[in-house]
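Engineer: Structure incoming, see below.
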């Protein structure tokens, strides 16, 4: 490489690609070819050429110009690229492409990921709780069952924990048994530990079901032991 070629290469500039975009472009709806096209646009925008000649991009990508027009049209239809018209300082009308919709989608994806992390940690915690109470590792099917309770049935984690406690106190280490408890509570419109305590207070308890009063005072939200499936035809 000659010095002139090196100088030309340096002066051509550099395009910074955010790692989050590189890692998630498919998650926001870009195909591989669309992603390359977006990078081509970004390279020109970074060089202060906001409305580049699409023929040059077609040449860079090694595809027909009509394919580039099709890519642009599809991305505008998907509301991932905007074409804006505004006046410059001299009053001359200028067109430009904006990648802001892509950055907005990335931001929304990042927000969803941040919100999901605490939930995922809570799911891990409850899986660990089941393994500790059962005294063994959960099978993949059992993990999927618990995930279904959380993600599809939308049972609150506190209710799942209470159902686990009921099963353990009754010495039944079975997810099927716990599932029946959760279904019984759902039929009774029990949606929280508070609902559960209120429902329990309206039903007679056997001597086995009663708590020590001091323990009840120390832990007011503890759920009294009650065999929800015994003599309960609708469960």
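Engineer: Provide 202, 31 in ascending order of the number of other Cβ atoms located within 10 Å of each residue's Cβ, fewest first.
Structural biologist: Fewest to most other Cβ atoms nearby, the residues stand as 202, 31.
Engineer: How high is the FRET efficiency between residue 144 and residue 108 when r is their beta carbon distance and R₀ equals 35 Å, given to the nearest 0.05?
Structural biologist: Once the sixth-power term is evaluated, E becomes 0.80.
Engineer: Tell me, in nm to one decimal, what length is gained between residue 59 and residue 198 on full extension, where the rule is 0.36 nm per residue of separation less the Cα-Cα distance?
Structural biologist: Extra length from residue 59 to residue 198 when fully extended: 42.9 nm.
Engineer: Taking 25 Å as R0, compute the FRET efficiency from the Cβ-Cβ separation of residue 96 and residue 4 and round it to 0.05.
Structural biologist: My answer for the efficiency is 0.20.
Engineer: Order these by the 10 Å Cβ neighbour count, fewest first: 102, 17.
Structural biologist: By the 10 Å Cβ count, ascending, the order reads 17, 102.
Engineer: If you count, for each residue, the other Cβ atoms within 10 Å and average over each peptide, how do 34-40, 185-191 line up from highest to lowest?
Structural biologist: Packing order, densest peptide first, comes out as 34-40, 185-191.
Engineer: Determine, for 110, 127, the number of other Cβ atoms within 10 Å of each Cβ, and report the residues in order from fewest to most.
Structural biologist: Fewest-to-most ranking of 110, 127: 110, 127.
Engineer: I need the shape label for the stretch 3-104. Rule: rounded when a/c is under 1.5, else prolate if a/b > b/c, else oblate, with a, b, c from the alpha carbon gyration tensor.
Structural biologist: rounded
Throughout, read-outs are computed from the coordinates displayed, never taken from laboratory work. Keep in mind that this is a model prediction, so the values were computed, not measured. Every residue, glycine as well, gets a Cβ built from its backbone with ideal geometry; the counts of neighbours run over all protein chains shown.
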